[in-house]
Amino acid sequence: MFMLLSMMLDAFLKGGWWIRSLDNKWADTRMWLPNLFAGDTEKDFVGSFGKYYNRLADERIFIAAIDEQTVDRMGYPFKRKHYATLLDKLSKMGIKAVGIDVTLSDSDREDLSSDKKMSDAVRKAGNVSVLIYINPENGETKYPFRGLGEAANNISHPHVEKDIEANGQVRRVALFSDTKIYDDLSIKTRCGKDCMGAGIPLLAAATYAIYSGIPLKKLEGRYGTEPKLVNFRVPQKRPYHPGRTGAEKNRMNESVYRHISVLDILEDRLSKEERAALNGGIAFIGSTAAAAFDHYPSPFMTAWPGVELHANVIDNLLHEDFLIPFPAWASLVLMLSAIWLPILLAGYTIKVISLSSAGFMAALMLANFLALVKHYDMPYPGMFIGMLAPFIFVTAHKALMEGREKKWIKNTFGQYLSPKVVELITRDPSKLSLGGEKRDMTAFFLDIAGFTTMSENMTPEQLTTMLGTYLSGLTDVILRNDGVVDKYIGDCIMAFWNAPLDQKD
């Protein structure tokens with residue numbers, strides 16, 4: 001039964017698009033929250049408590065950006081011969097692994113020699129992963145142009161379309177697909193037997209295999225084909241074109257990973273810091289020119305280049321810090337606790353219910369952040385909504401019932417008790433003990449001496465007026481002194497003190 005409930009909750013949390021949407025907004029809020037306490041105008045996502053779960057990008061990873069200036073100078077689409085020159089230069093600068101985030105399926109009809117130049121450069125580098133394209137509509141696969149796949153260390157795919165959220169973000173990526181192209185003997189790559197039996201790797205996984213030296217089949221056994229939750233890195237500002245002179249030297253670029261212009265690499269205009277980043281680093285070659293790249297919104301940017309997503313995934317692989325889905329059974333326990341807490345507290349006051357519920361959700365929020373430090377993605381909005389519904393019902397019902405109870409108490413006891421005592425009992429009706437109790441009390445009896453003889457000499461109207469004045473006046477005195485009028489017996493007033501509330505004097 002418990003396993004069934006756990007499976008139902010897991011399906012609810014994963015299948016409900018609105019819950020997923022709220023969870024995504026909450027995940028973004030967690031990452032942005034430290035920035036609110038940064039204390040300056042610059043964005044700072046790792047200041048204060050953000051340093052415990054937000055991380056900056058690994059400086060070994062960078063984007064060889066085919067930017068606007070590169071396109072303006074060398075044209076678009078980017079020629080294969082330029083890729084060849086770029087790869088030669090990256091190899092000379094000590095780059096350790098290269099992932100090309102550009103689909104190169106068809107031959108260059110304008111310059112057939114350009115294909116060979118690129119293939120030769122890829123073969124010479126020996127550390128390059130190239131892409132195949134899989135048509136999402138019919139599943140048709142387009143391989144790299146002839147010679148490129150054979151020259152590459154391995155073949156990978158860039159597709160993350162099936163994992164896109166409703167808001168266009170990609171938060172989950174499968175590192176391997178179920179398609180086993182490497183088992184097809186007609187597909188030859190330099191990784192050879194190390195790739196046999198493996199599914200098609202995502203570009204990030206394929207590039208990581210080159211960098212780490214871990215065979216693809218072993219990586220697939222470690223990470224499987226189920227989507228992994230991306231642990232997003234936070235953006236920062238860096239100099240762009242720092243190796244140039246003049247105004248360009250001071251230009252800043254905000255990105256998660258360092259962008260190095262392909263034009264700067266080709267023209268040998270790199271700063272000392274950029275050259276150091278390239279040595280032993282990981283390069284993703286991709287377009288960042290306007291209207292020439294895939295837009296995948298991140299928690300920080302509305303138009304995040306898809307190549308940066310692959311860089312973020314390999315960053316998670318390097319540090320083994322993908323987010324871990326919170327166990328379904330633990331979510332079930334917390335969800336049931338959130339739902340039942342207001343119901344179990346229904347016998348207490350609204351104040352107690354409200355403070356207890358707010359305290360529980362605050363503790364849950366703190367636990368949410370602590371779980372994130374350990375890389376667990378703990379849901380929160382769904383639990384908040386789970387508590388909110390019974391909380392509203394219980395407090396509304398209780399407010400209605402308490403309103404009726406207070407009205408009854410005031411109507412019933414207002415004539416006999418002082419307003420102060422009535423107010424105390426209204427606040428806490430439990431002070432009324434219907435079964436009676438034994439206690440020390442002061443009893444008060446008062447009547448008028450010779451009342452019978454007096455009344456015989458009065459008309460009924462005179463007697464009524466006199467009794468009204470007498471009983472009202474003395475009743476007011478008793479109530480002002482917190483006494484309780486028990487009854488009127490003709491001209492006799494019976495009252496008492498130290499009940500129903502304690503009175504020390």
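The values are calculated or read from the model by the stated rules, or taken from the named source; none is laboratory data. Since the structure is predicted, the reported quantities are computational estimates derived from the model, not experimental observations. Cβ: placed from backbone, ideal geometry, glycine included. Neighbour counts: every protein chain shown. Surface areas here come from the heavy atoms of the whole protein model, side chains and all, with no ligands, DNA or RNA. Shrake-Rupley method; radii C 1.70, N 1.55, O 1.52, S 1.80 Å.
What to note about this one:
- Shown for the chain: cysteine residues without a partner Cβ closer than 4.7 Å, namely CYS492.
- Highest mean packing first, where packing is the average number of other Cβ atoms within 10 Å per residue, the peptides 462-470, 272-280 line up as 272-280, 462-470.
- Applying 0.36 nm per residue to the separation of ASN481 and SER105 and subtracting their alpha-carbon distance, the gain on full extension is 125.6 nm.
- Contact order relative to length of the chain, as percent, for alpha carbon pairs under 8 angstrom and 6 or more apart: 15 percent
- Computed over the Cα atoms of segment 440-505, the ratio of the radius of gyration to the Kirkwood radius (Rg/Rh) comes to 1.07.
- Mean shadow area of the chain over all directions, Cα convex hull, nm²: 38.8 nm²
- Per residue accessible area in Å² of the chain, where ligands, DNA and RNA are left out and the probe is 1.4 Å: 52 Å²
- Normalised by 2.2 N^0.38 Å, where N is the number of residues, the alpha-carbon radius of gyration of segment 99-155 equals 1.13.
- Per residue, the average separation of C-alpha pairs within less than 8 Å and at least 6 apart gives segment 150-191 a relative contact order of 57 percent.
- 5 angstrom amide H check on LYS228, placed H, neighbours 5+ away: VAL173, ALA174, LEU175
- Segment 331-382 and segment 182-254 have Cα centres separated by 40 Å.
- Cross-link reach list, aspartates and glutamates versus LYS407, counting only Cα pairs under 17 Å and skipping chain neighbours closer than eight places: GLU423, ASP428
- Relative contact order computed over segment 17-164 (Cα-Cα under 8 Å; 6+ residues apart), in percent: 16 percent
- With θ taken as phi - 60° and the Karplus curve 6.51 cos²θ - 1.76 cosθ + 1.60 applied, the whole-hertz 3J(HN,Hα) list for segment 304-315 is 8, x, x, 4, 6, 4, 5, 5, 5, 5, 5, 4 Hz, x standing for glycine and proline.
- Rounded tilt (10° steps) of 460-480 against the dominant C-alpha axis of the chain: 50 degrees
- Among 374-380, 188-194, the order from most to least packed when residues are scored by Cβ within 10 Å on average: 374-380, 188-194
- Considering all C-alpha pairs of segment 237-356, those separated by over 26 Å amount to 48%.
- Pairs beyond 19 Å (Cα-Cα), from LYS188/LYS217; LYS351/LYS406; LYS92/LYS272; LYS81/LYS249; LYS438/LYS504; LYS79/LYS272: LYS81/LYS249; LYS79/LYS272
- Packing-based ranking, highest mean first, of 298-307, 494-503 given that Cβ atoms within 10 Å are counted: 298-307, 494-503
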